[in-house]
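Input: a single structure, listed below in structure tokens.
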Amino acid sequence: MPHNVAHFLAAQARRQPDGPAVRAPDGREAEGSIKYISRSFAELEADASAVAHYLSELGVCRGTRVLLMVKPGLDLIRIVFALFKIGAVPIVIDPGMGLRRFLKCVRHSRPEAIVGIPAAIWISRIFRSSFAGVRVKVTVNRGFSRKLLSDARGDAYPVADSASDELAAILFTSGSTGPAKGVLYEHGMFMAQVEAIRSQYGIGPGEVDLPMLPVFALFNPALGMCTIVPEMNPSRPATVDPEKIVRAIQQNQVSNSFGSPALWTIIARYCEAREVTLPSVKRILMAGAPVPPALMERMQAVIPNGEIHTPYGATEALPVSSISASEVLKHTAAQTRRGEGTCVGKPLPGVEVRVIEASNGPIESIEGSKVLHAGEVGELIVKGPSVTRGYDKLPEADARSKIADGEGHWHRMGDLGKFDAAGRIWFCGRMVERVLTQNGPLYTDCCEAIFNQHAKVYRSALIDTGGGHPAVVIEPEPGHYPSSEADKEEFCSELGQLARANAVTQCIERFFFEKSFPVDVRHNAKIHRLSLAEKYSMEN
Ligand SMILES: Nc1ncnc2c1ncn2[C@@H]1O[C@H](COP(=O)(O)OP(=O)(O)OP(=O)(O)O)[C@@H](O)[C@H]1O
């Protein structure tokens, strides 16, 4: 099969033409259930062809850079597959990052076309200079699909015979530890990704997925899974209404769902309070930030017939490894609670992972790195068929994050971690967020796990308040923010006891409280520790 994931959709349309491919919410039925617009695989394939004909007539062709500013849903899926069929290059940027940062990404990636909702087209008119070079603008509104479907001539649009190393898409990172960067995806990398996900999780036709990270869902049609579009704001996932998600899961007999630990915490709280279980769910994927074992335990009780998995990876390399909740709770959770980091499982087949001595500067070739032994904490680097080769026009970032190895290359994850004797990877925190104290480095994920065990702590953040002096900021569970100085003192003294009782946190003596942490725009789960550090370094 040629290297283009659009072929998978065509194959599913032949295999299960009438099987449901997408269900997108469209208001409510009189009795309160969610009303859906549905498309079968054959219809979706026909839609993708119709969109491809339309876009190519407007001048979008193989290699055209197309900025996508469309909300998750039926239109987005149709358009993405149409672009893949053509061999055009979709550019995807998180909408939640704020206009200024968004426009910077647009200027840098120089799209030649925009396909967007009316507000997006409007932005492109007002901020014209950021969109210089755009020669095709397509407004995606209600009329878009109506027009398309009435004009559809019914002939299939042939899928481009893309080469494995041909540019397929530019996906921006969420920019948690610096400016967001456009990651160059080649067709062969997407093919490898789809195959890795299919074989790792045994995903097959007939499954029903509710994806709470839109980009993750784009390949569902390729996997033969039906996509239920969730009712949530993609630029602020953590504002999700759990009632709507639970209702969608129950109504559609959802079998698979992906979301960040922050989202699953909201859903776990809701289900526990109402004693709701979700028996249709076979598999939950949680990623984007470390998953605390306690959350796995809580969610396991909610899905009596399912298993939870934590894939580990990044925009630049996905998936790297994976572990199930059963394995975590049986074999690794106790060590996590002792401050040894979060286990993210063994590398997936075909993915190589090494732990090397951490260094801040570029590493030109693999011979210049020192491989560490099991148990030693260092930088995690990865190599494999879905590991991207570079960023879009950012040679310095390429030099900082890639290591040449003969014909191939390694990607530096920017994360610290170690291997255990069984060959499992342990995540210890992000490299730029570690705190270099007089007595050695402190790792965020290792230290925070100690404080997260306090019943009133939702999450915590290890920060450097200046000169390697550590402190921990606490986001209390809802309703437990200390309301008086006395409360604060008592809370601090309990935290101090926890710190002293554990070797890894003994030197931590200062604590601060925040009602809600600054977090990343994509998952609302990665804590922005550097901005917390900036805030509290003033108070030194
Ligand atoms: N299962 C997991 N457990 C722990 N951490 C995870 C897991 N999955 C992802 N992560 C974290 O998310 C990171 C990848 O995030 P992403 O690709 O969204 O880019 P980013 O880090 O937000 O962007 P930037 O590199 O600009 O800071 C990983 O390097 C890791 O730190």
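Read-outs: derived from the displayed coordinates by stated rules, not from any lab. Bear in mind that the values here come from a model prediction, so they are computed numbers and not experimental data. Note that each Cβ is placed from the backbone with ideal geometry, even for glycine, and that neighbours are counted across all protein chains shown.
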Is the stretch 1-228 rounded, prolate or oblate when judged by the Cα gyration tensor, a ≥ b ≥ c being the square roots of its eigenvalues, rounded requiring a/c under 1.5 and prolate requiring a/b larger than b/c?
-> rounded
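Rounded to the nearest 0.05, what FRET efficiency do residue 490 and residue 132 have when you use their Cβ-Cβ distance and R0 = 41 Å? Each step should come with its number before you reach the end.
Values: r = 59 Å, r/R0 = 1.43.
For R0 = 41 Å, the calculated efficiency reads 0.10.
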Which Cα, out of 417, 452, 215, lies furthest along the positive dipole direction of the chain (beta carbon charges, K/R +1, D/E -1)?
-> 215
Straight-line reach check, residue 370, cutoff 19 Å on alpha carbons, 8 or more apart in-chain or any other chain, hits among lysines -> 383, 402, 418
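Within 10 Å, count the other beta carbons around each residue, average over each peptide in 381-393, 126-138, and list them highest first.
Values: 381-393: 20.5, 126-138: 14.1.
Averaged packing, sorted descending, gives the order 381-393, 126-138.
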Interchain or sequence-distant (5+) residues whose placed amide H lies within less than 5 Å of the amide H of residue 321 are 312, 348
Compare the Cα positions of 513, 467, 496 along the charge dipole of the stretch 434-537 (+1 at Cβ of Lys, Arg; -1 at Cβ of Asp, Glu; about the Cα centre) and return the one farthest towards the positive end.
-> 467
Summing -39500 (n - 2.57) over the DSSP H runs of n ≥ 4 in the chain and dividing by its residue number, what mean residue ellipticity at 222 nm do you reach, to the nearest 500 deg cm²/dmol?
-> -9500 deg cm²/dmol
Listed by chain and number, the residues whose amide H is under 5 Å from that of residue 241, excluding neighbours fewer than 5 places away on the same chain and using placed H, are none
The stretch 63-123 to the stretch 268-344: how many Å between their Cα centroids?
-> 32
The size of the Cβ-based charge dipole (Lys, Arg +1; Asp, Glu -1) of the stretch 335-433 about the Cα centre, to the nearest 20 debye, is 360
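Relative to the present Cα-Cα distance, how much length would full extension add between residue 421 and residue 272 at 0.36 nm per residue of separation? Don't skip to the end; give the middle numbers.
Working: separation 149, 0.36 × 149 = 53.64 nm, distance 3.68 nm.
So the extension gain works out to 50.0 nm.
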Rounding to the nearest 20 debye, state how big the charge dipole of the chain is about its Cα centre with +1 on each Lys and Arg Cβ and -1 on each Asp and Glu Cβ.
-> 1260
Per residue Cα convex hull volume in Å³ - calculated over the stretch 335-433 | 107
Label model pair residue 99, residue 29: point-to-point distance (7 angstrom along the Cα→beta-carbon line) in nm is 4.2
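Count the net charge of all other residues whose Cβ sits under 14 Å from the Cβ of residue 100, scoring Lys and Arg as +1 and Asp and Glu as -1.
On the way: positive: 101, 104, 107; negative: 94.
Once positives and negatives cancel, what remains is +2.
So if we plug the beta-carbon distance of residue 301 and residue 373 into 1/(1 + (r/R0)^6) with R0 = 35 Å, what FRET efficiency do we get, rounded to 0.05?
Numbers: r = 38 Å, r/R0 = 1.09.
After rounding, the FRET efficiency stands at 0.35.
At a threshold of 8 angstrom on Cα-Cα distance, excluding pairs fewer than six apart, so keeping six or more, what relative contact order does the stretch 434-537 reach in percent?
Values: 158 pairs, mean separation 26.9, N = 104.
Computed value for the stretch 434-537: 26 percent relative contact order.
Write down, largest first, the equivalent ellipsoid semi-axes of the stretch 1-69 in whole Å, where each equals the square root of 5 times an eigenvalue of the alpha-carbon gyration tensor. List each step's numbers first, then the result.
Numbers: eigenvalues 159, 65, 19 Å².
Each semi-axis is the square root of five times an eigenvalue, giving 28, 18, 10 Å.
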Karplus couplings for the stretch 157-167 from phi (6.51 cos²θ - 1.76 cosθ + 1.60, θ = phi - 60°), rounded to Hz, Gly and Pro as x?
-> 8, x, 6, 4, 8, 4, 7, 4, 9, 7, 4
Counting only residues 5 or more places away or on other chains, whose amide H sits under 5 Å from the amide H of residue 465 once H atoms are built in the peptide plane?
-> 471
Over the chain, what is the percentage of antiparallel beta bridges among all DSSP beta bridges, to the nearest 5?
-> 65
Using a/c under 1.5 as the rounded threshold, could you call the chain rounded, prolate or oblate? The axes a ≥ b ≥ c are square roots of the C-alpha gyration tensor eigenvalues, and prolate needs a/b larger than b/c, oblate otherwise.
-> prolate
Rounded to whole Hz, the Karplus (6.51, -1.76, 1.60) HN-Hα couplings of the stretch 34-51, x for glycine and proline = 7, 8, 10, 9, 10, 10, 7, 4, 5, 5, 5, 5, 5, 4, 4, 5, 4, 5
Protection proxy ranking of 354-360, 81-87 - average other beta-carbon atoms within 10 Å, highest first = 81-87, 354-360
Karplus (6.51, -1.76, 1.60) ³J(HN,Hα), θ = phi - 60°, over the stretch 215-227, in Hz, Gly and Pro reported as x | 4, 5, 8, 4, 9, 3, x, 5, 8, x, 8, 7, 9
